[in-house]
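Student: Right, I'll just put the structure down here and ask away after.
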Amino acid sequence: MAGEDCVRKRQSGSSAAYKSPENEEAQRRPDGERAFQNSSNGRVDVDHVITRKMQLIAEAEQLKPVFMKEVDSHFTDFVNSLVAKSALLDSSSSASLFPASCSEKELHKAQASRAPPEHGKIFIARKSLLDELFEVSHIRTIYHMFIALLIVFILSTLLVDFIDEGRLVLGFDLLVYVFGKFPVVFCTWLCMFGATVIVPYSLFVWWAQGYCDSSHRVIHSLFYGTLFALFQMVGLGIGPTYVAVSYALPTASRFIVILEQVRLVMKAHSFVRENVPRVLSSVKEKSSSVPIPQISKYLYFLFAPTLIYRDNYPRNPTVRWGYVATKFAQVLGSLFYAYYIFVRLCIPQFRNSSQETFNLRGLVLCIFNSILPGVLILFLVFFAFLHCWLNAFAEMMRFADRMFYKDWWNSTSYANYYRTWNVVVHDWLYYYAYRDFLWFFGKKFRAAAMLSVFMVSAAVHEYVLSICFGFFYPVLFCLFMCFGMVFNFILNDRRKGPIWNVIMWTSLFLGQGVIICLYSQEWYARQYCPVENPTFLDYLKPHSWSCHMRM
């Protein structure tokens, strides 16, 4: 009996020492859970289920910010590492062009003898940022809010016209006027495009074929380079400008001609700039063939939504024609949006402004009243052109790299804003203006290179506005060269945090107000106070400063 009692104690002790984890977990559970577990065999306690569900929801809400922060942190680290690996791949690929037996001095000499960009922009298949953001319902709601604002503008215009005229007036006289003389615009574009297809390609082919056998290669290159420069300045430069001015094209029609002029000049330069180093390299290596791209590739480049020439781009397998129709419809909707902004917010304000005395108080009120239409126009230009128009052509061309812009709205510095607002133009300025400047003058002149890029960009912007508006009023040039340069150095990439994003947006709002206010005042002053037999200086002097005195 004593032995049996000893065995029982030993078995009970071992069973207590070797409890299963499930039993321990069951003992550690709260009483509520054990009660729910006991009642699960019979009637389920509904109140307990609801209470427990609410507790889980509350815990999930508490974990959501932490989870999103972790996801954002990991995603940022992933993107940074991807960019770093891409840069490392570029450097390693450029180093692999030379044999491993070359000394560092020879390698440096060989790299310095080659004109950049040997390894420039890398095109990869990716969607536009807004297309990705519109998949989120919260971001799509902001888009719906802008549509609702357009409906409000339409209703406001219809109601005011009904009250004033006694009937519903659906006239778009302003749109018809600004896009007038369209046959002249189309013929001018056709001539520009045809000349850009034939002249730069033919000059390059003749130069490349004769360069190998020429005994005076410098003179040969200078001759064809001069012909190409003359075509750029006279054929694409003076010709379209003369047509726009002599035919007195309306404002929007002039914008079409002049912007296409600038685009084709940049395209032709990129084609020549990217292919000339390849020919020089093949001649130096005594290659049997001259690398001349097919004209079909050049023609594709002229239509592709990029200003950087490549023989091949990443392509999508199919064309989504429904997507193309949607984007063109959004462009058309943006035009009507801009029409209603001018009709409701700009024209009533500036129509009689030229009759008022020019003073500081009126100028300040004008600037602040112009901020709302200025910002809306800024958003519309971004959405209609950089997103809808470029994506529509990219889809039709099956062009897969859709990074035409980045998240410029999150910028905390003007340096980042300039890089992300218009990636298409920024890439051209970076590779063909900034980097070529450093190649010619050395890396010690980075500040001078940046200043030259700012000056070129400001001059081209002011040229476009001067030709399209029909007067010279360098507001945008001064904003670019004065405030833009100062903010570029003050609000640099070292500025982080939300406060700098607020400062950037505040200055951007004020800048848009200044642009809309001053250009609108000058436009109406030129209409109400024309100068008889104007001289060249009359086109340069602002009329808005003295229009009220002449009236």
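The values are calculated or read from the model by the stated rules, or taken from the named source; none is laboratory data. Nothing here was measured: the structure is a model prediction, and the numbers come from that model. Heads up, the Cβs are rebuilt from the backbone with ideal geometry, glycines too, and the neighbour counts pull from every protein chain shown. With ligands, DNA and RNA removed, areas are computed over all heavy atoms of the protein, side chains included. Shrake-Rupley method; radii C 1.70, N 1.55, O 1.52, S 1.80 Å.
Student: Could you work out how much longer the chain between Leu222 and Thr506 gets when fully extended? Use 0.36 nm per residue separation minus the Cα distance between them, nm to one decimal. Don't skip to the end; give the middle numbers.
Tutor: Numbers: separation 284, 0.36 × 284 = 102.24 nm, distance 4.91 nm.
Taking 0.36 nm per residue and subtracting the Cα distance, the gain is 97.3 nm.
Student: Please report, as a whole percent, how much of the solvent-accessible surface of the range 171-311 comes from carbon and sulfur atoms (probe radius 1.4 Å).
Tutor: On the way: 5080 of 7050 Å².
The computed percentage sits at 72.
Student: Can you give me the relative contact order of the range 121-253 as a percent, contacts being Cα pairs under 8 Å and 6 or more apart? Present the calculation step by step, with values, prior to reporting the outcome.
Tutor: On the way: 50 pairs, mean separation 37.2, N = 133.
Relative CO of the range 121-253 lands at 28 percent.
Student: Please sort by residue number the trypsin sites (Lys or Arg not before Pro) in the range 445-551 whose DSSP state is loop and whose Cβ has at most 13 other Cβ atoms within 10 Å. Intermediate values should be presented prior to the final figure.
Tutor: Values: sites: Arg446, Arg494, Arg495, Lys496, Arg526, Arg550; in loops: Arg494, Arg495, Lys496.
Counting only loop positions with at most 13 other Cβ atoms within 10 Å, the trypsin sites (Lys or Arg not before Pro) in the range 445-551 are Arg494, Lys496.
Student: Right, next: Can you pull out the chymotrypsin sites (Phe, Trp or Tyr not before Pro) in the range 254-314 whose DSSP state is coil and whose Cβ has at most 12 other Cβ atoms within 10 Å? Don't skip to the answer; put the middle values down first.
Tutor: Details: sites: Phe255, Phe271, Tyr298, Tyr300, Phe301, Phe303, Tyr309; in loops: Tyr309.
The qualifying sites: there are none.
Student: I need the chymotrypsin sites (Phe, Trp or Tyr not before Pro) found in the range 445-551, filtered to DSSP loop residues with at most 12 other beta carbons within 10 Å of theirs.
Tutor: Values: sites: Phe445, Phe454, Tyr463, Phe469, Phe471, Phe472, Phe477, Phe480, Phe483, Phe487, Phe489, Trp500, Trp505, Phe509, Tyr519, Trp523, Tyr524, Tyr528, Phe536, Tyr539, Trp545; in loops: Phe471, Phe472, Trp545.
Answer in residue order: Trp545.
Student: Under the definition of Cα pairs under 8 Å and six or more residues apart, what whole-number percent is the relative contact order of the range 171-311?
Tutor: Details: 104 pairs, mean separation 45.0, N = 141.
Averaging sequence separation for qualifying contacts and normalising by length gives 32 percent for the range 171-311.
Student: Now for a different question. Just how far, in whole angstrom, is the range 257-281 from the range 481-512 if you go by their alpha carbon centroids?
Tutor: If you average the Cα positions of each part, the centres end up 32 Å apart.
Student: Can I ask one more? What does the highest-first list of 176-189, 145-158, 231-244 look like by mean Cβ count within 10 Å? All intermediate terms of the calculation are to be shown ahead of the outcome.
Tutor: Working: 176-189: 15.0, 145-158: 13.3, 231-244: 17.1.
Highest mean packing first, the order is 231-244, 176-189, 145-158.
Student: How much of the accessible area of the range 343-410, probe 1.4 Å, is carbon plus sulfur, in whole percent?
Tutor: Answer for the range 343-410 is 63 percent, counting heavy atoms of protein chains only.
Student: Pull up all non-local amide H partners of Arg126: gap of 5 or more, or a different chain, and H-to-H distance under 5 Å with H placed in the peptide plane.
Tutor: Result for Arg126 returns Asp401, Arg402.
Student: State in Å² the accessible area per residue of the range 354-427; use a 1.4 Å probe, count heavy atoms of protein chains only, and round to the nearest integer. The partial results should precede the final answer.
Tutor: On the way: 3030 Å² over 74 residues.
The answer is 41 Å² per residue.
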